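Here the structure is laid out as structure tokens; the discussion comes afterwards.
The values are calculated or read from the model by the stated rules, or taken from the named source; none is laboratory data. Not measured: the values here are computed from a predicted model. Cβ placement follows ideal geometry from the backbone for every residue including glycine, while neighbour counts extend to all protein chains displayed. For the accessible areas, the whole protein counts, side chains as well, though only heavy atoms, and no ligand, DNA or RNA atoms are used. Shrake-Rupley method; radii C 1.70, N 1.55, O 1.52, S 1.80 Å.
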Amino acid sequence: MTMTVARAQKQEMMKNTNPEIEFKIDSLLQLMTVEEKVGQMNQYNGFWDVTGPAPEGGSAEKKYEHLRKGWVGSMLSVRGVKQVRAVQKIAVEETRLGIPLIIGFDVIHGYKTLSPIPLAEAASWDLEAIKNSASVAAAEASASGINWTFGPMMDISRDPRWGRVMEGAGEDAFLGSRIAEARVHGFQGDDLSAVHTVAACAKHFAAYGFSESGKEYNTVDIGASTLHNVVLPPFKAAVNAGVRTVMNSFNELNGVPVTGSSYLQRDILKGEWGFDGFVVSDWASINEMINWGHARDKREAAQKAVTAGSDMDMEGNVYIEALAQLVKDGVVEESLLDDAVRRILRVKYELGLFDDPYKYCDEAREKETIGNAKHHEAVLDMAKKSIVLLKNDTNLLPLKKEGQKIALIGALASDKSSPLGSWRIASDDDTAVSVLEGMQNYSGNSLTYAKGADVFVGQAQFIQEVVVNDADKSGFEEAISVAKNADVVVMVLGEQGFQTGEGRSRTNLQLPGVQQELLEAVFKVNPNVVLVLNNGRPLAISWADAHIPAIVEAWQLGTETGNAVAQVLYGDYNPSGKLPMTFPRNVGQVPIYYNFKNTGRPDDKDGNVFWSHFIDVEKTPLYPFGHGLSYSTFEYSDLKMDGTSFETGADIVVSVQVQNTSPVDGKEVVQLYIRDLVGSITRPVKELKGFELVELKAGETKSIRFKLNNESLGYYNNDGKFIVEPGDFKVFVGGSSITRLESDFELK
Ligand code: NOJ
């Protein structure tokens with residue numbers, strides 16, 4: 001059951017590492033005691049900014065004592081040059097070997113200046129902008145002493161009940177992989193040792209997004225096909241992009257808590273993919289193997305986790321308590337520790353921490369970098385690109401700039417904290433530009449604001465449940481009278497920023513509290529409603545779709561929310577976002593996603609009930625993956641391929657004409673999907689294999705070309721082997737996953 005030295009060595013041989021660094025690590029390892037090695041594998045939380053339940057025996061005195069002994073390799077949630085310098089000084093100046101700490105932090109969508117939540121950014125399909133957003137986050141975090149972010153999160157999820165969908169890139173492995181690469185490049189830049197870059201962390205490895213019923217921290221039971229084709233590709237893409245760390249996750253996968261999964265961490269990640277960075281556990285996820293019933297006690301949990309390839313223990317106190325003894329007792333081979341420590345030291349060397357442990361601790365840089373004007377510009381740009389126009393039936397949008405009476409309704413419209421979203425521990429409350437403030441910048445209309453109803457009661461906080469207002473309707477009357485007198489009503493409704501994120505699963509995907517009632521009451525007196533949604537997950541808004549003429553998905557867009565929303569509503573920015581996740585008609589359809597399997601009975605052939613459907617709701621989604629409108633209109637034609645039959649391995653060129661048929665310049669995300677008609681493992685009805693964000697002037701036509709190759713046409717079989725099977729394929733190109741423009745080809 002113990003991992004053999006030979007296997008650990010084999011993994012070592014697969015790396016492509018810097019010999020100078022490896023030599024230094026060899027020398028250092030020789031000097032280290034077993035306790036010091038374990039120390040490098042031990043990570044403590046700082047003394048504030050708690051992001052998980054408190055572990056036993058984690059007192060501040062003990063942490064300081066361990067720091068001084070060299071028994072701490074990393075700290076998380078320590079921030080600010082002053083604080084980081086203080087703990088680094090202890091590690092460097094007071095310990096026997098002076099090994100610097102690596103300082104981790106959840107930089108999820110910005111540090112102080114906040115970008116849209118990651119799911120919103122994914123809706124831009126704009127890889128350059130996403131990369132830039134990560135580099136802005138890296139610049140601010142690194143100026144604050146941090147050198148390692150716990151991001152990007154790349155858990156594919158098909159379940160909007162799961163609160164953490166706000167942290168990811170949505171439901172699709174192809175889009176998720178491209179975004180994972182962009183974010184890794186954005187955080188790490190071209191040079192990890194540069195002072196404005198940080199090490200990235202691909203999380204959560206793996207399959208956390210498939211938690212049963214979307215319930216947080218739950219069981220995951222999925223088959224090999226979903227694991228290899230849906231869950232793992234973004235992680236593999238991140239490893240290929242050079243991500244330096246990986247975080248495992250809280251879930252079990254098919255009966256094995258992943259923190260103890262050798263299959264995932266040793267065989268796939270470090271073995272097959274040759275990952276030579278290190279794996280950090282999630283917050284006390286090693287201990288949690290005891291609750292899962294996979295380890296008897298901390299000692300067994302430590303032994304299982306280290307054997308399985310978890311290199312660093314986040315705030316669990318398990319390695320520090322048990323690992324040295326396990327080595328002394330001969331239960332764990334010291335070579336396993338050497339492998340883990342080598343990986344951790346490697347990243348520290350690459351960051352340049354050994355050359356200058358205080359390189360991220362420059363007060364002057366901290367002052368001039370954090371919150372600077374350029375960062376505000378960048379997050380505003382990202383915010384506009386993240387907005388998705390879901391519906392605009394009567395061309396109510398864009399709003400006219402003059403002579404209109406506009407009513408703005410909804411507590412979220414004036415909220416300056418909620419738009420910052422979840423996971424924003426370094427930012428300050430009340431720092432977002434609210435929608436009200438953004439709209440006030442347009443002075444040609446008269447603007448009247450009424451709250452209507454609170455979304456929540458009391459204080460909303462990162463670590464507490466948000467209490468929904470499902471009773472107080474005292475503001476309805478005012479809202480109704482304001483709406484009656486308006487030409488257009490803009491209603492900002494949705495979720496409070498802390499109703500999504502970790503620990504925020506929901507069983508109901510409707511507008512929380514009394515907001516649906518408010519929407520209906522206002523609509524009754526004035527049907528010219530523009531609904532602006534603020535939310536961190538797909539919502540089930542069937543009533544709104546059936547009645548409200550214009551719907552804008554504005555997520556939680558970060559610091560510049562109000563400016564971005566106002567510029568889109570007034571047409572100063574033409575929206576081009578596309579949904580990265582399917583919107584269901586109701587929660588009972590979940591999980592619902594575009595790349596489903598056809599089933600044996602896909603259609604209603606005989607007019608009876610014996611086909612794959614629901615009897616109480618259509619089986620199609622409310623808004624499909626890839627959907628998003630613009631103030632321009634686009635037409636697709638002339639889908640062509642350079643042949644009808646191709647040899648396996650050939651590059652296949654697909655081209656299409658896209659025309660902007662409107663008088664307005666705009667951007668369109670041109671999407672290419674394939675369908676492999678027959679497979680030894682059944683294939684989805686559509687699979688995204690390419691996309692391009694294209695700018696088209698009014699009336700302009702462009703020819704867009706895509707290339708398909710083996711990588712696009714193959715898939716992983718149930719042994720995790722990538723195969724390409726000859727046969728018939730379809731290719732589809734269009735502006736969403738339900739595009740019907742298609743062509744066929746054969747792969748020989
Ligand atoms: C638990 C979360 O699952 C993880 O994503 C985060 O990085 C850690 N806590 C640290 O805050």
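Taking the Cα centroid of region 687-748 and of region 147-206, what is the distance between the two, rounded to the nearest whole Å?
For region 687-748 versus region 147-206, the Cα centre distance is 24 Å.
Around A199, which amide H atoms from residues at least 5 apart in sequence, or from another chain, sit under 5 Å from its own amide H, with H modelled in the peptide plane?
The list, which skips near neighbours in sequence, is W148, T149.
Quick one: with all protein chains in place, what share of the accessible area of region 634-747 is carbon or sulfur, to the nearest percent (1.4 Å probe)?
Carbon plus sulfur share of accessible area: 45 percent.
For region 634-747, compute Rg over Rh where Rg is the Cα radius of gyration and Rh is the Kirkwood radius from the inverse mean 1/r over Cα pairs.
A ratio of 1.02.
For region 185-233, go through all pairs of different Cα atoms, get the mean of 1/r, take its inverse, and jot down that Kirkwood value in Å.
13.1
Give K401/K702; K37/K112; K236/K686 a once-over and call out the pairs whose C-alpha atoms are over 24 Å from each other.
Those over the limit are K401/K702; K37/K112.
Ignoring ligands, DNA and RNA, what percent of the accessible area of region 295-373 is carbon or sulfur (1.4 Å)?
45
Round to the nearest 0.05 the FRET efficiency obtained for T701 and Q510 when R0 = 51 Å and r is the Cβ-Cβ distance.
The value I calculate is 0.75.
For region 375-588, which whole percent of the accessible surface, found with a 1.4 angstrom probe, sits on carbon and sulfur atoms?
Taking all protein chains in place, region 375-588 shows 44 percent carbon and sulfur surface.
Of K484/K578; K524/K597; K385/K605; K62/K328; K367/K697, which sit over 31 Å apart, Cα to Cα?
K484/K578; K524/K597; K385/K605; K367/K697
So what's the Cα pair-distance distribution over region 341-404, bin width 5 Å, in %?
The percentages, shortest bin first, are 4, 12, 10, 10, 11, 12, 10, 8, 5, 5, 6, 5, 2, 0.
I'd like the distance separating the alpha-carbon centroids of region 317-359 and region 213-244, in whole Å.
26
Provide the per-residue ³J(HN,Hα) series for region 436-443, in order, calculated from phi with Karplus coefficients 6.51, -1.76, 1.60 and θ = phi - 60°, each as a whole number of Hz, with x at glycine and proline positions.
4, 5, x, 5, 5, 5, 9, 9
I'd like to compare 342-353, 576-587: which one has the highest average count of other Cβ atoms within 10 Å, and what's the full order after that?
In decreasing order of mean packing, 342-353, 576-587 become 576-587, 342-353.
7 Å from Cα along Cα→Cβ at both L677 and S27: what's the point-to-point distance in nm?
A separation of 6.5 nm, rounded to one decimal place.
Please turn the phi angles of region 358-374 into ³J(HN,Hα) values with the Karplus equation 6.51 cos²θ - 1.76 cosθ + 1.60 (θ = phi - 60°), one per residue in order, whole Hz, x for glycine and proline.
Ordered by residue, 3J(HN,Hα) equals 9, 5, 9, 10, 10, 4, 5, 5, 4, 5, 7, 8, 5, x, 6, 4, 4 Hz.
Round to a whole angstrom and tell me the spacing of the C-alpha centers of region 262-313 and region 562-596.
37
Taking the Cα centre of the chain as origin, work out the dipole magnitude from +1 charges on Lys and Arg Cβ and -1 charges on Asp and Glu Cβ, in debye rounded to 20.
That gives the chain a dipole magnitude of about 140 debye.
Applying 1/(1 + (r/R0)^6) with R0 = 30 Å to the Cβ-Cβ distance of T219 and V467, what FRET efficiency is obtained, to the nearest 0.05?
That pair, T219 with V467, gives E of 0.60.
So how tilted is helix 515-525 from the main axis of the chain? Cα-based, degrees 0 to 90, rounded to 10.
20
Please identify which residues in region 396-411 have an amide N closer than 16 Å to a label point set 7 Å out from the Cα of D487, following the Cα→Cβ vector.
396-408
Return the inverse of the average 1/r over all pairs of distinct C-alpha atoms in region 90-174, which is the Kirkwood hydrodynamic radius, in Å to one decimal.
14.4 Å is the Kirkwood radius here.
Would you kindly compute the Cα radius of gyration of region 306-381 and its largest Cα-Cα separation (Dmax), both in Å?
So, for region 306-381, Rg and Dmax equal 19.5, 58 Å respectively.
Given the -39500 (n - 2.57) contribution per DSSP H run of 4+ residues, what per-residue ellipticity at 222 nm results for the chain, rounded to the nearest 500 deg cm²/dmol?
Result for the chain, helices only: -8000 deg cm²/dmol.
Grab the alpha carbons of region 375-588, take their convex hull, and tell me the volume per residue in Å³.
Value for region 375-588: 113 Å³ per residue.
Using per-residue counts of other Cβ atoms within 10 Å, averaged over each peptide, order 602-610, 515-523 from highest down.
Averaged packing, sorted descending, gives the order 515-523, 602-610.
Send over a whole-number figure in Å² for the accessible area per residue of the chain, probe 1.4 Å.
Solvent-accessible surface per residue comes out at 36 Å².
On the full set of protein chains, 1.4 Å probe, figure out the accessible area of Y358 and give it in Å² to the nearest 10.
Its heavy atoms expose roughly 50 Å² to the probe.
When the Debye formula is applied to the Cα atoms of the chain, each taken as the same point scatterer, what base-10 log of I(q)/I(0) results at q = 0.08, 0.11 Å⁻¹?
Debye output, listed in q order: -0.65, -1.19.
Beta carbons within 10 angstrom, averaged per residue: use that to sort the peptides 332-338, 431-437, highest first.
431-437, 332-338
Amide H to amide H, which residues 5 or more places from M247 or on other chains are under 5 Å from it, using H placed in the peptide plane?
A202, K203, F205, V280
Pairwise over distinct Cα atoms, reciprocal of the mean inverse distance: report the Kirkwood radius of region 616-665 in Å, one decimal place.
When all Cα pairs of region 616-665 are included, the Kirkwood radius is 14.7 Å.
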